[in-house]
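Heads up: the structure comes next, in structure tokens.
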Amino acid sequence: MAGLRRVGLLGGMSWQSTETYYRWVNEGVQARLGGHSSAPLTVHSVDFATIETLQQAGDWAAAGAVLADAAGALERGGAEAVALATNTMHVVADDIRSAISVPFLDLIDFVAARVEGLDRVGLLGTGYTMGSDLYPKRLAPSGVEVLVPEPDDAALVHRVIYDELVHGVARPESRADYADVIARLAERGAQTILLACTEIDLLVGAGDAVVPVLDTTRVHCDAITDFIVAGGPR
């Protein structure tokens, strides 16, 4: 359909995450426009092994350079905006922004708008995401406190993501473990749980939590769909 805007998707972290983004954005465009409409997306899928090695080494500058180069390639290929199909690597969002002149559709901005008015939210994601100031710093201006799991719980959440979910494995025992972690965050006052890693969707749904959950990937995909269809958020 004429008028749809092309989004460049930085993916591969993991490929399961990128698959979810591709499917949900296309489903969103199809639901909005009907007929045979689909999303004009250009995907640059990096090798997650390279990124994961840099994560472990703490070399975020090098990881940011990889994604900045990829973002530039997406813009040169005709992307009218760039989105990053992962939570964790939003740590290097500034590197990506500096490499492009088109808009960067920042996941954290859209999540911040959704939780405005709450006092406390719980955060589930990789150890890198939970251990960073990514969410606390960005949500603080709205008066929202971010609670992360206690160290043992955080280690469990991270291990399940990297050892199971990024490989497409969703174990019932891990689902039960995550439900327990969520319950403990709720006991500490979390009003909503942010599922801040795309792969967690494989394991946790609304029926697995004692408080509402907000899938940050769904929020991001809706915003990407907004941009494609209307040129910006509703």
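Of all residues in region 97-140, those being of a type outside the set (D, E, K, R), in contact with a His (Cβ under 9 Å, 6 or more places away or on another chain) and open to solvent by less than 10 Å² (accessible area, probe 1.4 Å) number 6. Could you list, ordered by first residue, the pairs with Cβ atoms under 9 Å in which the first is in region 66-81 and within 19 Å of A39 (Cα to Cα) and the second is in a loop (DSSP other than H, G, I, E, B) and modelled with pLDDT under 95, at least 6 apart or interchain? Going by the 9 Å Cβ cut-off, the qualifying pairs are E80/G231.
Report yes if some residue within region 40-62 is hydroxyl-bearing (S, T, Y), farther than 19 Å from Y128 by Cα and open to solvent by 50 Å² or more (accessible area, probe 1.4 Å); otherwise report no. So far as region 40-62 goes, yes, one or more of its residues are hydroxyl-bearing (S, T, Y), farther than 19 Å from Y128 by Cα and open to solvent by 50 Å² or more (accessible area, probe 1.4 Å). Farther than 28 Å from L4 by Cα, modelled with pLDDT of 95 or more and of a type outside the set (V, I, T): which single residue out of G207, G189, G168 fits that description? Unique residue meeting the criteria: G189. Starting from residues that are out of contact with any Ser or Thr (no Cβ under 6 Å at 6 or more places or on another chain) and of a type in the set (A, V, I, L, M), keep the ones in region 212-234 and report whichever is modelled with the lowest pLDDT. The qualifying residue modelled with the lowest pLDDT is A230.
Looking across G72, G64, one residue alone is within 21 Å of T216 (Cβ to Cβ), at pLDDT 95 or above and out of contact with any Cys (no Cβ under 9 Å at 6 or more places or on another chain). It is G64. Of all residues in region 40-50, those that are in contact with a Lys or Arg (Cβ under 7 Å, 6 or more places away or on another chain) and in a loop (DSSP other than H, G, I, E, B) total 1.
If you go through region 63-88 and keep only what is part of a loop (DSSP other than H, G, I, E, B), hydrophobic (A, V, I, L, M, F, W, C) and closer than 19 Å to T20 by Cα, you end up with just A85. The sole residue among V146, V166 that is assigned to a helix (DSSP H, G or I), of a type in the set (V, I, T) and crowded, with 21+ Cβ neighbours inside 10 Å is V166. Take the conditions (1) in a helix (DSSP H, G or I); (2) polar (S, T, N, Q); (3) more than 20 Å from the chain's Cα centre (by Cα); T53 misses just one of them, which is (3). The residue that is modelled with the lowest pLDDT, among those in region 1-39 that are among the hydrophobic types (A, V, I, L, M, F, W, C), surrounded by fewer than 20 Cβ atoms within 10 Å (Cβ to Cβ) and part of a helix (DSSP H, G or I), is W15.
Just to verify a result, which residue in region 212-232, among those that are part of a loop (DSSP other than H, G, I, E, B) and small (G, A, S), is farthest from the chain's Cα centre (by Cα)? Here the residue is G231. Pairs only if they're at least six apart or on different chains, beta carbon under 6 angstrom, first in region 24-37 and without any contact (Cβ under 8 Å) to a residue 24 or more places away in the chain, second surrounded by 13 or more Cβ atoms within 10 Å (Cβ to Cβ); list them, first residue then second. Here the result reads N26/S38; N26/A39; Q30/S37, each pair linking region 24-37 to a residue that is surrounded by 13 or more Cβ atoms within 10 Å (Cβ to Cβ).
Residues are listed down the side, and each one gets a yes or a no for (1) surrounded by fewer than 21 Cβ atoms within 10 Å (Cβ to Cβ); (2) not in a helix (DSSP H, G or I); (3) not β-branched (V, I, T):
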| site | (1), (2), (3) |
| --- | --- |
| D153 | yes, no, yes |
| H158 | yes, no, yes |
| S174 | no, no, yes |
| Y178 | no, no, yes |
| A183 | yes, no, yes |
| G189 | yes, yes, yes |
| E199 | no, no, yes |
| G207 | yes, no, yes |
| V210 | yes, yes, no |
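The values are calculated or read from the model by the stated rules, or taken from the named source; none is laboratory data. Note that this is a predicted model, so its numbers are computed, not measured. All Cβ positions, glycine included, derive from the backbone under ideal geometry; neighbour counts span all protein chains shown. Side chains are part of the model used for accessible areas, which takes the heavy atoms of the whole protein and leaves out ligands, DNA and RNA. Shrake-Rupley method; radii C 1.70, N 1.55, O 1.52, S 1.80 Å.
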